[in-house]
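*Asks:* Sharing a structure with you now.
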Amino acid sequence: MARVDHIGIAVRNGEEAVRLYQLLGFRLTGKEYVEDQELWAYFLEGDDGSRIELLEPTGGVIAKFIEKRGEGIHHIAVEVDDVRVLSKKLKEVGFRLIYEEPKKGARSTLVNFIHPKTSYGVLIELIQK
């Protein structure tokens, strides 16, 4: 069963951005440094279970994203049952993935990404809990 897990938003300053989302009614449920991705992830949740991740770079891909495009929506994360199996299937039918093999993500997840050039302009994170 697939479902939207969260929307990832690239920001320059996570602490400042958290304040806005708290005013909108979201709760800050955690903060984690993701070493492989060179970023701080701030986890926010709404009363209905909707989730947002604010991504504050210390280097790496998110920093480049902000330099090139500015702050804003970076990706939509979809929770999947088996990221390895789905990644293989997607490659077989012609979708381009960011990683050859899924990597460790925040909150002990396994992740891969579908490249936006093959997913209609949207970076889609595949996330297995």
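The values are calculated or read from the model by the stated rules, or taken from the named source; none is laboratory data. What you see is a predicted model; the values in this text were computed from it and never measured. Positions of Cβ are generated from backbone atoms using ideal geometry, with glycine treated the same way; all protein chains shown enter the neighbour counts.
*Asks:* Restricting to the stretch 102-118, count the residues that are surrounded by fewer than 16 Cβ atoms within 10 Å (Cβ to Cβ), at pLDDT 95 or above and farther than 18 Å from Ile62 by Cβ.
*Replies:* Result for the stretch 102-118: 2.
*Asks:* Between Val85, Val93, which is more than 12 Å from the chain's Cα centre (by Cα), free of Cβ contacts under 8 Å to residues at least 12 places away in the same chain and within 21 Å of Arg107 (Cα to Cα)?
*Replies:* Testing whether each residue is more than 12 Å from the chain's Cα centre (by Cα), free of Cβ contacts under 8 Å to residues at least 12 places away in the same chain and within 21 Å of Arg107 (Cα to Cα) leaves just Val85.
*Asks:* Let me ask you something else. Identify the residue in the stretch 34-48 that is at pLDDT 95 or above and surrounded by fewer than 13 Cβ atoms within 10 Å (Cβ to Cβ) and, among all such residues, is farthest from Ala2 (Cα to Cα).
*Replies:* Across the stretch 34-48, the extreme among qualifying residues is Asp47.
*Asks:* Any chance you could count how many residues in the stretch 61-80 are exposed (fewer than 12 other Cβ atoms within 10 Å of the Cβ) and either among the polar types (S, T, N, Q) or in contact with a strand residue (DSSP E or B) (Cβ under 7 Å, 6 or more places away or on another chain) (or both)?
*Replies:* Count: 1.
*Asks:* On the basis of being under 24 Å from Ala2 (Cβ atoms) and either β-branched (Val, Ile, Thr) or at pLDDT 95 or above (or both), does Ala17 make the cut?
*Replies:* Here the answer is no, as Ala17 does not meet what is asked.
*Asks:* Here is a follow-up. Considering only the stretch 20-33, state which residues are surrounded by 11 or more Cβ atoms within 10 Å (Cβ to Cβ) and either aliphatic (A, V, I, L, M) or at pLDDT below 95 (or both).
*Replies:* Those that are surrounded by 11 or more Cβ atoms within 10 Å (Cβ to Cβ) and either aliphatic (A, V, I, L, M) or at pLDDT below 95 (or both): Leu20, Leu28.
*Asks:* Which one is surrounded by the fewest Cβ atoms within 10 Å (Cβ to Cβ), of the residues in the stretch 1-14 that are small (Gly, Ala, Ser) and modelled with pLDDT of 95 or more?
*Replies:* Gly14
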